[in-house]
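Chemist: The structure that follows is given in the form of structure tokens.
The values are calculated or read from the model by the stated rules, or taken from the named source; none is laboratory data. Quantities reported herein were computed from a predicted structural model and do not represent experimental measurements. The accessibility values were calculated without ligands, DNA or RNA, using every heavy atom of the protein model including side chains. Shrake-Rupley method; radii C 1.70, N 1.55, O 1.52, S 1.80 Å.
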Amino acid sequence: VRAAVLRYAHAMEVLRSVVVLLHIVGFAITFGAWVAEAAAGRFRTTRVMDYGLLASLLTGLALAAPWPAGVDLNYPKIGVKLVILVVIGGLLGMGNARQRRTGEAVPRGLFAAVGVLTFAAAAVAVLW
């Protein structure tokens, strides 16, 4: 019985690590798409940024659940990251709407904020 419990605990820890990896990959997708647009001089928000943000949000919500049992959650960190993700989502939404309406690139300040906040969210995930 003890061996089965240890195998289960190890499997849950591996699963949690995979979800953490996917969480970081979501930020990497968003930030990578942002860098690609900046390097090309287009300064536009893209669907790839939206998908990366969605991946980060969904995996972040999964990580906010206390699994395996006994994991201590850092609620201030979860709150800060959620606020950052909501702000990034709002900026991407405003940028996408503006692009659809005018056909022009988003304002540089809005575009820069998406990149800075995405980098900050990844930094909080790794360093805090």
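Chemist: Rounded to a whole number, what % of the accessible area of the chain do carbon and sulfur atoms account for, probe 1.4 Å? All intermediate terms of the calculation are to be shown ahead of the outcome.
Modeler: Numbers: 5460 of 7580 Å².
Percent of accessible area from carbon and sulfur atoms in the chain: 72.
Chemist: In deg cm²/dmol, rounded to 500, what helix-only [θ] at 222 nm does the chain give when every DSSP H run of at least 4 residues adds -39500 (n - 2.57) and the total is split over its residues?
Modeler: Working: 4 runs with 104 residues, N = 128.
One gets -29000 deg cm²/dmol as the mean residue ellipticity at 222 nm.
Chemist: What order do Asp72, Asp50 take when sorted by accessible area (1.4 Å probe), most exposed first?
Modeler: Details: Asp72 140, Asp50 30 Å².
These residues rank, largest area first, as Asp72, Asp50.
Chemist: How big is the chain by Rg and Dmax over its Cα atoms, in Å?
Modeler: Answer for the chain, Rg first and Dmax second: 17.4, 64 Å.
Chemist: Mind jotting down a quarter of the surface of the convex hull over the alpha carbons of region 79-128, in square nanometres, one decimal?
Modeler: Values: hull surface 13.0 nm².
Averaging across all directions leaves 3.3 nm² for the Cα convex hull.
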